[in-house]
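To keep things clear, I will list the structure first and then write my remarks on it.
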Amino acid sequence: MSQTTKSVVIKFVAVCIIASLPLGARASEQRTFWPDGFSGAVSLTFDDGMPTQLENAIPLLDRYGIKASFYVNPNYSIDWEKNIPAWSRVVDRGHELGNHTDRHTCSCRHTFGNNSSFCLERIKLADIAGVIDAGSVALKKTFTGSLVDRSFAYPCYESFVGEGTGRRSYVPEVAMRYRTARAGDHRSNAPLTANLAYLGSYSVDERTYEQTATFIEREIAKGRWVILTFHGVSGDWLSVDAVYLERILRLLQLNSKRIWTAPLFTISQYIERRRETHPLRRQN
């Protein structure tokens, strides 16, 4: 048997052994994925470019020294032009500013869309690609920085256009433009296998603080990446109280030696690099 063949056999046996491990052991292996002894990771994301995020979330984040990702709708978010200087300061402080399209296009079934003709069931892939690109162009024209327009968040967590036999996923359109994109589904992400163009997240406005804290602890114990999605903070829509956010930040600060908290793109970029060298990568 040649040396190359021996190497292939050894790797194949190793993969088989890993695949046969109980879930607890495999979770332990996944925890070795993270840097500096971290057990898992958390990203805080905020959608729709709301004024209450500027007024209430940013001061708390800065107080606790935690960086987050903000997904805005250029020329569509409330008081967009007025708040551009404030969003520029958000970027300067090391937070991420990502694309949420320039029209926040969602399903026709949502009442807040006022039955607009430009809703997901009534448009085509080229149309959704257009609003994604328009958001990207506006971000790049208005802001500078390494964490500007590096990731995408699906409006309303929805990722389709058309209906019936004409329904199509627009995840490929996003993946051609962004290496990282966040959806919903109240799920965490396994770092070795997660689809980076369609990441799961946990909507905090639908859960109590206790439920959110339990979710974080349970998923970090599995070595996973938890992405929390916020909207309004003590105001606007889908709001949580600022006290709720501060309790989350305090939890993350107290556990900062075992939970890595960073913007979405920062963690995604690490995952891409780490996947190339992690011993379990060939399993997937």
Checklist entry - If you take just the strands (runs of 3 or more DSSP E) that sit entirely in the stretch 28-126, which of them hold at least 1 residues that are free of Cβ contacts under 8 Å to residues at least 40 places away in the same chain? => result 69-72
Checklist entry - Is it the case that Gly200 is part of a strand (DSSP E or B) and either at pLDDT below 95 or at negative phi (or both)? => result yes
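Take the residues in the stretch 238-263 that are in a loop (DSSP other than H, G, I, E, B) and either under 18 Å from the mean Cα position of the chain (by Cα) or free of Cβ contacts under 8 Å to residues at least 40 places away in the same chain (or both), then tell me which one is nearest to Pro59 (Cα to Cα). Lay out the reasoning, then the answer.
Let us first name the residues in the stretch 238-263 that are in a loop (DSSP other than H, G, I, E, B), namely 238-239, 241, 255-258, 262-263.
Within this subset, residues satisfying the condition of being either under 18 Å from the mean Cα position of the chain (by Cα) or free of Cβ contacts under 8 Å to residues at least 40 places away in the same chain (or both) are 238, 241, 255-256, 262-263.
Numbers: Leu238: 20, Asp241: 14, Asn255: 20, Ser256: 19, Ala262: 17, Pro263: 16 Å.
Step by step, filter the stretch 238-263, then rank; the result is Asp241.
Residue by residue through the stretch 215-242, note down the ones that are polar (S, T, N, Q) and in contact with a Lys or Arg (Cβ under 9 Å, 6 or more places away or on another chain). Steps first, answer last, please.
Quick first cut of the stretch 215-242, residues polar (S, T, N, Q) only: 229, 234, 239.
Result: Thr229, single match.
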Next on the checklist: Give me the residue from the stretch 170-193 that is assigned to a loop (DSSP other than H, G, I, E, B) and surrounded by 19 or more Cβ atoms within 10 Å (Cβ to Cβ) and, out of that set, farthest from the chain's Cα centre (by Cα).
Outcome noted: Tyr170
Checklist entry - Here are some residues: Ala138, Ala183. Which one is touching a Gly at 6+ places or on another chain (Cβ under 9 Å) and either farther than 19 Å from Thr45 by Cα or modelled with pLDDT of 95 or more (or both)? => result Ala183
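Answer with yes or no whether Thr165 is assigned to a loop (DSSP other than H, G, I, E, B) and among the β-branched types (Val, Ile, Thr).
no
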Checklist outcome for this item: By residue number, the members of the stretch 240-261 that are closer than 18 Å to Thr32 by Cα and surrounded by 20 or more Cβ atoms within 10 Å (Cβ to Cβ) are Ile259, Trp260, Thr261
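Results for (1) touching a helix residue (DSSP H, G or I) at 6+ places or on another chain (Cβ under 8 Å); (2) closer than 30 Å to Gln211 by Cα, shown as yes or no for each residue.
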| position | (1), (2) |
| --- | --- |
| Tyr76 | no, no |
| Asn83 | yes, no |
| Ala86 | yes, no |
| His95 | yes, yes |
| Cys108 | yes, no |
| Glu121 | no, no |
| Ser136 | yes, no |
| Tyr154 | yes, yes |
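The values are calculated or read from the model by the stated rules, or taken from the named source; none is laboratory data. Note that the structure is a prediction, hence the values are computed from the model and not measured. Note that we place each Cβ from the backbone using ideal geometry, even for glycine, and neighbour counts take in every protein chain shown.
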